[in-house]
Amino acid sequence: MTSTTPLRQTAAWAALEAHQASLAGQHLRGLFAADPTRGTRLTAEAAGIYLDYSKNLVTDETMALLVALAEETGVEARRDAMFAGEAINNTEGRAVLHTALRMPRGYASLPTRVAGVSEIHGVLDKMAAFAERVRSGEWKGYTGKPIRNVVNLGIGGSDLGPAMAYEALRPYSRRDMVFRFVSNVDGSDFAEATRDLDPEETLFIVASKTFTTIETMTNANTARDWLLEKLCDKIAIAAHFVAVSTNAVEVARFGIDTDNMFGFWDWVGGRYSLTSAIGLSLMLAIGPDHFGELLDGFHAMDEHFRTAPIAENLPMLLGLLGLWYSNFHGAETQAVLPYDQYLNKLTAYLQQLDMESNGKSVDRDGRRLDYNTGPVVFGQPGTNGQHAFYQLIHQGTRLIPCDFIGCCQTQNPLNVHHDLLMANLFAQTRALAFGKTAEEVAGEEKDAELVPHRVFEGNRPTNTILVDRLTPQALGALIALYEHKVFTQGAVWGINSFDQWGVQLGKVLATELGEVFSGKAKAALDSSTEALVARYLSRKG
Ligand code: G6Q
């Protein structure tokens, strides 16, 4: 396809549309019955991750046509351009090089001509030295006490990654230290996170790429007041605040010594920044060695994505399967269902990764699209979701593709818990795929009127993603899998997955209203907003 060929006019798109129509009436029950090897054949494995995609509404021909779509839309060339450091974030004129953050020292393909890339390992070394000083107690607070509490102040991409990964890797973390993540501008977030902490033993990491984000700067100012209320000396700030940012000028203006600033670069998007210095709080929690293993896991998946053929490439397969449902079956959503309590923040993290990246309605050249892009991502850890929203997935009117994620080994081998957890995961994917027919229900149900209520149509698509154990390495590979899945979809859709102009308008309008509240400015408001503001101001007490 040339860059001007609209996606729906490509040969592969037309072939997929015709193929989709020809599949009407096919059911996973029939597909599995016809091919006893399906459950082992439609699988792929890389970087310690096993993907079973056999319970999707696909045949071998579907997969071949999806691969053809990726070929025709130039996904591989686009991927290569990303790894090479080309400015593929065209609306901001930036390279997209989060993959360089996890390239090993001395790695041959490091795109060193891009400014900053040769500094990556220097920053990692600085982070590691700092983490060791804090973890060993050598770094002291203002009154000479070692640091026991670490509070990350950041939002969006400067919060979700470290907060999610800290939860996921708690078994590898320092259990004698406290780690908290404050993101919301709602003061309750800060108040609850600090109410039981001693300022003398508390370190704040102000994590903000721009160092101008209103939520984070408001929390950082409150943190400074909270600290000074007890320590009463501005000099104390140096021992209790460090910064992660690209903006040294603003860091210094806040009062943080730029020696205690950990830098990164404009080619690291917020939602792709966990493996940059934004991961400092995580490194403090799990230590530099485990953090290094996390980077190894990311890199292993990056290498797989960079080199594996499309038909065996896990992120590309996931991306193409998602696209199959979004664009050819009218699916609006994507459920991500981790069967591991430690992954309880994974879906929130993936919501940002996917929805901020691919929530776009114009292509890279600004032309309006005539097809759907990113889905609504949602989910909860299993088994909790089973007792809540799975009903709609099983028997509702919508098609909801699901990713089930599980670990073969548990970190907490208690009683029969893990077997039960995994039995539930496999049972759900079976029920969704094969359902229960009216004949089967009739065999059990004497009341004929109840039969339709108890029928499960089945034929509801799922991926099953297994890792052996949720190690730092496995987590890195899992996150990179989703990063590159999102990339693949964005590449086929022809959109820029690396900007987020949609976030800006809200920020601007909130600042304007803040000035209206404080009487600094007047704004011409719509009648609804004007009445709401008046009600708020008259009642806020
Ligand atoms: C992520 C977005 C956004 C960003 C936050 C925080 O890709 O750009 O979530 O991470 O708005 O921005 P700062 O790090 O600049 O405070």
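Odds and ends about this structure:
- The stretch 235-286, subset under 18 Å from the mean Cα position of the chain (by Cα) and among the aliphatic types (A, V, I, L, M), residue nearest to W501 (Cα to Cα): V268
- In the stretch 81-110, of all residues being out of contact with any helix residue (DSSP H, G or I) (no Cβ under 8 Å at 6 or more places or on another chain) and in a helix (DSSP H, G or I), the one that is surrounded by the most Cβ atoms within 10 Å (Cβ to Cβ) corresponds to A81.
- Qualifying positions in the stretch 480-512 - buried (at least 16 other Cβ atoms within 10 Å of the Cβ) and either closer than 17 Å to E215 by Cα or among the polar types (S, T, N, Q) (or both): T488, Q489, N496, S497, Q500
- Residues within the stretch 150-185 that are within 16 Å of the ligand (Cβ to nearest atom) and either free of Cβ contacts under 8 Å to residues at least 60 places away in the same chain or in a helix (DSSP H, G or I) (or both), tallied: 14
- Among all residues of the stretch 283-292, there is none that is within 15 Å of the ligand (Cβ to nearest atom) and closer than 18 Å to S183 by Cβ.
- Cβ separations smaller than 6 Å between residues 6+ apart or across chains give the following pairs from the stretch 420-439 residues that are touching a residue at least 60 places away in the same chain (Cβ under 8 Å) to residues that are in a helix (DSSP H, G or I): A433/L28; F434/R29.
- Tally, over the stretch 360-385, of residues that are within 20 Å of the chain's Cα centre (by Cα), more than 16 Å from the ligand (Cβ to nearest atom) and aliphatic (A, V, I, L, M): 1
- When the stretch 311-327 is filtered for residues that are crowded, with 20+ Cβ neighbours inside 10 Å and either farther than 16 Å from Y50 by Cα or touching a strand residue (DSSP E or B) at 6+ places or on another chain (Cβ under 8 Å) (or both), the ones remaining, listed by number, are N313, L314, L317, L318, L320, L321, G322, L323, W324, Y325, S326, N327.
- All of (1) more than 16 Å from the ligand (Cβ to nearest atom); (2) under 26 Å from I88 (Cβ atoms) hold for L343 with one exception: (2).
- Test: residue in the stretch 127-147 that is surrounded by fewer than 21 Cβ atoms within 10 Å (Cβ to Cβ), of a type in the set (F, W, Y), over 25 Å from C232 (Cβ atoms) and in contact (Cβ under 8 Å) with a residue 12 or more places away in the chain: yes
- Answer residue from the stretch 215-231, given it is of a type in the set (A, V, I, L, M) and either within 11 Å of the ligand (Cβ to nearest atom) or farther than 13 Å from F254 by Cα (or both) and is farthest from the chain's Cα centre (by Cα) among those: L231
- Contact map, the stretch 266-278: residues that are basic (K, R) paired with residues that are near the ligand (Cβ under 9 Å from one of its atoms) and not in a loop (DSSP other than H, G, I, E, B), Cβ distance under 7 Å, separation 6+ or inter-chain. Pairs shown: R271/G157; R271/Q352; R271/L353; R271/E356; R271/S357.
- Only one entry of F298, F291 meets the criterion of being in a helix (DSSP H, G or I) and in contact with a Lys or Arg (Cβ under 7 Å, 6 or more places away or on another chain), and that entry is F298.
- Restricted to the stretch 354-396, and to residues there that are in a helix (DSSP H, G or I) and among the acidic types (D, E), the residue that is surrounded by the fewest Cβ atoms within 10 Å (Cβ to Cβ) is E356.
- In the stretch 191-214, residue surrounded by the fewest Cβ atoms within 10 Å (Cβ to Cβ) [restricted to those that are of a type in the set (D, E, K, R) and more than 8 Å from the ligand (Cβ to nearest atom)]: R195
- Qualifying residue in the stretch 32-39 (condition: out of contact with any strand residue (DSSP E or B) (no Cβ under 6 Å at 6 or more places or on another chain) and on the phi > 0 side of the Ramachandran plot): no
- Any hit, the stretch 430-442, residues being closer than 30 Å to A474 by Cα, surrounded by 16 or more Cβ atoms within 10 Å (Cβ to Cβ), modelled with pLDDT of 95 or more and charged (D, E, K, R): no
- Only listed residue being touching a Cys at 6+ places or on another chain (Cβ under 6 Å) and either within 16 Å of the ligand (Cβ to nearest atom) or not in a helix (DSSP H, G or I) (or both), chosen from L470, L505: L470
- Test: residue in the stretch 348-359 that is away from the ligand (no atom under 16 Å from the Cβ), charged (D, E, K, R) and touching a residue at least 40 places away in the same chain (Cβ under 8 Å): no
- Some residue of the stretch 502-525 being over 18 Å from the mean Cα position of the chain (by Cα) and closer than 30 Å to E45 by Cα: no
- Positions within the stretch 27-78 being farther than 27 Å from A477 by Cβ, in contact with a His (Cβ under 9 Å, 6 or more places away or on another chain) and either crowded, with 20+ Cβ neighbours inside 10 Å or aromatic (F, W, Y) (or both), in sequence order: L65
The values are calculated or read from the model by the stated rules, or taken from the named source; none is laboratory data. Everything quoted here is computed from the prediction, not taken from an experiment. All Cβ positions, glycine included, derive from the backbone under ideal geometry; neighbour counts span all protein chains shown.
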